[in-house]
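For reference, the structure is listed below as structure tokens.
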Amino acid sequence: MEDVVPLLLLLLCVSSAAAQLCAPDASNGYKVRLSLLTALGDEAYVWNDSEMFLFRAAMAFAMRTADGQNYNVSNVLVCDETPRVSFWFVVTSPLNSSLLVERRQVEEAVRKSRNRINSAFLLTDNTLEFLGIPPTLVAPTPPSSPPWLIVFGVVMGAVGAGIVLVLGTSVMQSRREKKKAQTGFEEGEEESRAEGNGAASDSVYNLSFSDDDRLTQM
Amino acid sequence: MGKTKDSEVEERAKWDNKLQYLLTCIGFAVGLGNIWRFPYLCQIYGGGAFLIPYLIALVFEGLPLLYLELAIGQRLRMGSIGVWNSISPMLGGIGIASMIVSFLVGIFYNTILAWVLWYFFHSFQNPLPWSQCPVNANLTGYNEECVKSTPANYFWYRETLNITPDIETSGSLQWWLVICLASAWCVVYICFIRGIKSIGKAVYVTTTFPYLVLTIFLIRALTLPGSIDGLVYLFTPDWEILKNPQVWLDAATQIFFSLSVAFGGLIAFSSYNEERNNCERDAVVVGVINSATSLYASISIFAIMGFKATNGFNSCRNENIMSLTNHFEFSEQNITLENYNDWFEYLNRTSPDDLASLNLKHCDLQTFLDQSASGTGLAFIVITEAVIEMPGSQIWAILFFVMLFSLGLSSMFGTIEGVLMPINDLKLVPKWIPSEVVTAIICLIAFLTALIFTLGSGNYWVEVFNGYVGSVPLLIIAFFEITAVAYGRGMKTFSEDIYFMTGKRPSIFWKACWMVISPLMLLVVFVAYVAIQAQTHPSYPSWDPDYELFPQTKMLKYPDWVFAIIILLCVLPVISIPVVALYKLICCSIKKSSARGELNPYCNDSFEVETREQKSQTP
């Protein structure tokens, strides 16, 4: 009985120390918010202690990747869980468990491994939010040729080909008609003379008279 | 050589069949305005109630003018200049006015088609470029201008137009718009190459395709949530609005501009008809189909707008729900769209301060439905935003823009025909130049002139042309047309013409309209229109990212030099009417004073003498 009391006191001290390290609005902590139903709908998993363990492990992995030091799951402290699924976390240094890692270092680590952390939970930047760490935007890869120019090229090519085709056929047709007309020149003259005589006297201009000069040439 | 030249001269080109002619006229009348002007007017003028002034204007103003143009073109079988010259040489100015207006309208209308082509070319990407903001230069966030407005607005104003803050800053030529404009003119050219032979074939597609797309859109939109709200909102009539004279004025101007009269295009098209063709039935068919199309289009558009409004309303509420959930740390999806109101009241009772601190947006479906847009704003911003939210956006975007392009192209046919045929009539071009080359030259000149609209300030200039060239001169021309026929040619002669063509004389209704009702309506509309425009200094909305209230548009007044250009654009087409009349008057009096009498270029005295001699010689 006498051994238990100092142990209990020790536990109390440690837990209260831990509680003091992690608190909402802690200076070196970040708030995390997950939106499982929004992201996964029917396939959403339930948030329980195992998932929380995974988060702490993922954070430890991120810190290891960024820092190089041997972070452990016990270095990631979590508090103030809500039904929303949001909580605060802080990271303690592996060398001294009462010393918190600087905010900036945590941010760097999260940024670096953001993709890995997201995929561990099947979430995205929008559904696994680290409040205060905005996601870096993907640099747009400029496409080799803008897609709209390709469509434009296709359409204009078709139109251009159409114009050339139509103009070509009309030129060939007029050449053929010229040849035919030259052989039928004499018959044509007789006909046009006869037509030229018939003058309609209404207010509409009779266009057959415009063949004037040819008839008078004879 | 002789025979073919005769047949070219005597045999006027004609339509392959009646259907081509009707489709061409319908295509000319049905244009972009049916899609983006009529639904807007319906919306702001009390829904179903607007149909009453609209139909009255159609019957008393639209149909008589349409019938008149088709009849006069078919009877006199010439383009707009030839027709008016035949009625009286002093009225030739009407034709020239029509030609100038057609040219001016054609150049800005095709610019709109160039914009449609640009959007069409961009519809083949996933995701659609107007659905998301581009990232800014140092990759820390999205482009500021885009974030403040919306991605669709940004894509239209910045990436398409690259618009300057006001009309005075011209900016530079936007190369992408130049090549889109060149493509638009090439498409117009290829349809016009063979004159009405090629147009007649093109209209089978360009006139019928929009109806197909409108139907597809209607069916799709009706299956989307919220479309019924949009339709109910559209058709709920507000009878009080009929007391406002502005409604009647807008109905009259809408029907007038919608039917595309006074461009000279309808006269040109009907001149290719056979002489004995029932033009009364044609006119009624074209007029009724045009109005029916406006109505049908507004049903589709409003189903889509209803869907968009519901989406906007739901996202507004979802944003509020997210704020509430995050602040009060409820578990997700505890608050849903259905129980949002109950939760809101509960939270208001229990923790009103917290609620106030969140600054929740007030979401009201009516506000979203009230967001009206017309013109390019409707097509390129509102509908494109709606299309993003529909599954399979690329298909819908492609369909929509091809539809807009067909609508515009078929209207361009009439407009360009209104320019080409007078050039033929005036015999400005020597005969040895083939018609294909003349068409190409006109298209080239129009393209070069339209380069103004590809500058940074191009959109402002399109609005200037749209608002002023496409309105006042047409009213004046139409007034002169109707009085020239009713009083210049004479109702008696015109009735005889119609009897000759259709086999029956026009009824008392048509005569009353032509002689009294339509000219009176046109005069009243013209005076009212000018009076209303003159009341305020004309101003325009400008897109200025540096404006404090951005993304709202800033209303700026037109500077004086632009105002002078506006006056010039209104006066220039119309000035030809009195100028030509004066010219002919002076020429006539000069000719009368000289003893030679009138020279008829088609009557060569020497020819007559020869033939008399020949007749006496030949057996």
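The values are calculated or read from the model by the stated rules, or taken from the named source; none is laboratory data. Source: prediction; values computed, not measured. As a convention, Cβ positions derive from the backbone with ideal geometry for all residues, glycine included, and neighbour counts pool all protein chains shown.
Of all the criteria given as (1) of a type in the set (Ser, Thr, Tyr); (2) at pLDDT below 85; (3) in a helix (DSSP H, G or I), the one not satisfied by A:SER27 is (3). Exactly one residue out of A:SER35, A:SER50 is buried (at least 17 other Cβ atoms within 10 Å of the Cβ) and farther than 18 Å from A:GLU108 by Cβ: that is A:SER35. For region A:93-113, check the following and say yes or no: at least one residue is within 21 Å of A:TRP47 (Cβ to Cβ) and among the basic types (Lys, Arg). No, every residue in region A:93-113 fails to be within 21 Å of A:TRP47 (Cβ to Cβ) and among the basic types (Lys, Arg).
Of the residues making up region B:488-511, those that are hydroxyl-bearing (Ser, Thr, Tyr) and over 18 Å from B:PHE60 (Cα atoms) are B:THR493, B:SER495, B:TYR499, B:THR502. A single member of B:GLU496, B:GLU481 is surrounded by fewer than 16 Cβ atoms within 10 Å (Cβ to Cβ) and at pLDDT 90 or above, and it is B:GLU496.
Filtering region B:550-583 down to residues that are outside any helix (DSSP H, G or I) and under 27 Å from the mean Cα position of the chain (by Cα), which residue is surrounded by the fewest Cβ atoms within 10 Å (Cβ to Cβ)? Show your work before the answer.
So the first thing to find is which residues in region B:550-583 are outside any helix (DSSP H, G or I), and the list is B:550-559.
Those left that are additionally under 27 Å from the mean Cα position of the chain (by Cα): B:552-559.
Numbers: B:GLN552: 12, B:THR553: 15, B:LYS554: 17, B:MET555: 9, B:LEU556: 16, B:LYS557: 12, B:TYR558: 19, B:PRO559: 12.
Filtering region B:550-583 for residues that are outside any helix (DSSP H, G or I) and under 27 Å from the mean Cα position of the chain (by Cα), the one surrounded by the fewest Cβ atoms within 10 Å (Cβ to Cβ) comes out as B:MET555.
Under the condition of being assigned to a loop (DSSP other than H, G, I, E, B) and surrounded by 14 or more Cβ atoms within 10 Å (Cβ to Cβ), the residues counted in region B:132-153 number 7.
For region B:116-131, which residues satisfy the criterion of being more than 10 Å from every other protein chain (Cβ to nearest Cβ) and surrounded by fewer than 20 Cβ atoms within 10 Å (Cβ to Cβ)?
Scanning region B:116-131 gives B:PRO127, B:SER131.
On the basis of being more than 14 Å from every other protein chain (Cβ to nearest Cβ), closer than 30 Å to B:SER123 by Cα, surrounded by 14 or more Cβ atoms within 10 Å (Cβ to Cβ) and modelled with pLDDT under 85, does B:SER298 make the cut? Taking the combined requirement at face value, the residue does not satisfy it.
What is the residue count in region B:310-334 for residues that are β-branched (Val, Ile, Thr), farther than 15 Å from A:VAL85 by Cα and within 14 Å of another protein chain (Cβ to nearest Cβ)? Here the count works out to 1. For the criterion of being away from chain A (no Cβ under 14 Å), surrounded by 20 or more Cβ atoms within 10 Å (Cβ to Cβ) and closer than 30 Å to B:PHE313 by Cβ, B:GLY264 fails.
Could you check, for region B:505-513, whether at least one of its residues is assigned to a loop (DSSP other than H, G, I, E, B), more than 27 Å from the chain's Cα centre (by Cα) and within 30 Å of A:LEU167 (Cα to Cα)? Checked region B:505-513: no residue is assigned to a loop (DSSP other than H, G, I, E, B), more than 27 Å from the chain's Cα centre (by Cα) and within 30 Å of A:LEU167 (Cα to Cα). For region A:136-148, the criterion of being in contact (Cβ under 8 Å) with a residue 12 or more places away in the chain, within 30 Å of B:SER331 (Cα to Cα) and not acidic (Asp, Glu) is met by at least one residue. Of all the listed residues (B:ASP342, B:ASP364), the sole one being of a type in the set (D, E, K, R), within 30 Å of B:GLN552 (Cβ to Cβ) and out of contact with any Ser or Thr (no Cβ under 9 Å at 6 or more places or on another chain) is B:ASP364. Taking the listed residues B:PHE256, B:PHE269, the one that is of a type in the set (A, V, I, L, M, F, W, C), at pLDDT below 90, in contact with an Asp or Glu (Cβ under 9 Å, 6 or more places away or on another chain) and within 30 Å of B:ALA71 (Cα to Cα) is B:PHE256, with no other qualifying. Taken over region A:83-127, the criterion of being over 16 Å from A:GLY29 (Cα atoms) and within 14 Å of chain B (Cβ to nearest Cβ) is satisfied by A:PRO83, A:ARG84, A:VAL85, A:LEU123, A:ASP125, A:ASN126, A:THR127.
Of B:ILE167, B:ILE100, which residue is aliphatic (A, V, I, L, M) and in contact with a strand residue (DSSP E or B) (Cβ under 8 Å, 6 or more places away or on another chain)?
Exactly one residue qualifies, and that residue is B:ILE167.
Taking helices (runs of 4 or more DSSP H) as the structural unit, those lying wholly within region B:161-253 and holding at least 2 residues that are away from chain A (no Cβ under 14 Å) and either farther than 24 Å from B:ALA297 by Cα or aliphatic (A, V, I, L, M) (or both) correspond to B:196-206, B:209-223, B:227-235. Residues that are away from every other protein chain (no Cβ under 14 Å), under 18 Å from B:MET412 (Cβ atoms) and hydroxyl-bearing (Ser, Thr, Tyr) within region B:428-474 comprise B:THR449, B:THR454, listed in sequence order.
Scanning region B:354-375 for residues that are under 29 Å from the mean Cα position of the chain (by Cα) and either at pLDDT 85 or above or not in a loop (DSSP other than H, G, I, E, B) (or both) yields B:THR367, B:PHE368, B:LEU369, B:ASP370.
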